[in-house]
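Shown below is the structure under consideration.
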Amino acid sequence: MKHNKKHLSRRARLLTGTAIAATLAAGTFGALSANAATTTDQQPPAAAAAAKPDAKTKNKNLTRSTHLTIDAATRAAQATLDAAEKENQRITVAVVDRNGNTLVTLRGDGAGPQSYESAQKKAYTAVSWNAPTSDLVKRLDQAPNLKDIPGTLFLGGGAPVTADGAPIAGIGVAGAPSGDLDEKFAQAGVAALGS
């Protein structure tokens, strides 16, 4: 059996396809416009409002999280720095958000160069596990590989900031002679937030 096919030029096929797509798009737009007009113009206002999803209805595909504002992060960092200065300690303080992104870092006068990165890592570690880093150091006995997780530092000096029991930020301090002092200053930052 012999098939006779008409071969359209490339330009003709392109023009035909474009015309079909434009026709379909116009029809779809018209149907959507007509449907929108029906919903808003022909239905009573109460029925039109009922057609809209309720703002309080939860979408099971989405989640919300609470984040610390930059003003609150700055206030916490300054309270931390002030607490250390009262004890003549030269520290750096970092505040990170729930996702571990740095919001504020304040390096106190005379703080060592290593303290900047250490403070950020302690804050990240505290928010990641929702626990003070001094508590996390104890976990290394059972799971020594925890220290190999990138961006973390398992030394005292990090404190989580929570809201309704969930971590929303972390405060990390480095530069004091001990992790206990670093953590004491971090807790002063948490206290300044009232959480």
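The values are calculated or read from the model by the stated rules, or taken from the named source; none is laboratory data. Keep in mind that this is a model prediction, so the values were computed, not measured. Glycine also receives a Cβ, built like all others from the backbone with ideal geometry; neighbour counts cover every protein chain displayed.
Looking only at residues that are of a type in the set (Asp, Glu) and over 22 Å from the mean Cα position of the chain (by Cα) in segment 155-195, which one is farthest from Ile91 (Cα to Cα)?
By that ranking, first place goes to Asp180.
Take Asp182 and tell me if it is assigned by TED's automatic domain parsing to the domain that holds Asn99, over 21 Å from Ala111 (Cβ atoms) and not hydrophobic (A, V, I, L, M, F, W, C).
Spelling it out, it is not the case that Asp182 is assigned by TED's automatic domain parsing to the domain that holds Asn99, over 21 Å from Ala111 (Cβ atoms) and not hydrophobic (A, V, I, L, M, F, W, C).
Is it the case that Thr74 is under 27 Å from the mean Cα position of the chain (by Cα) and surrounded by 18 or more Cβ atoms within 10 Å (Cβ to Cβ)? Quick ask: steps written out before the conclusion?
Working: under 27 Å from the mean Cα position of the chain (by Cα): yes; surrounded by 18 or more Cβ atoms within 10 Å (Cβ to Cβ): no.
It is false that Thr74 is under 27 Å from the mean Cα position of the chain (by Cα) and surrounded by 18 or more Cβ atoms within 10 Å (Cβ to Cβ).
Okay, next question. How many residues, within segment 119-129, are surrounded by fewer than 24 Cβ atoms within 10 Å (Cβ to Cβ) and of a type in the set (Gly, Ala, Ser)?
Residues flagged as surrounded by fewer than 24 Cβ atoms within 10 Å (Cβ to Cβ) and of a type in the set (Gly, Ala, Ser) within segment 119-129 amount to 1.
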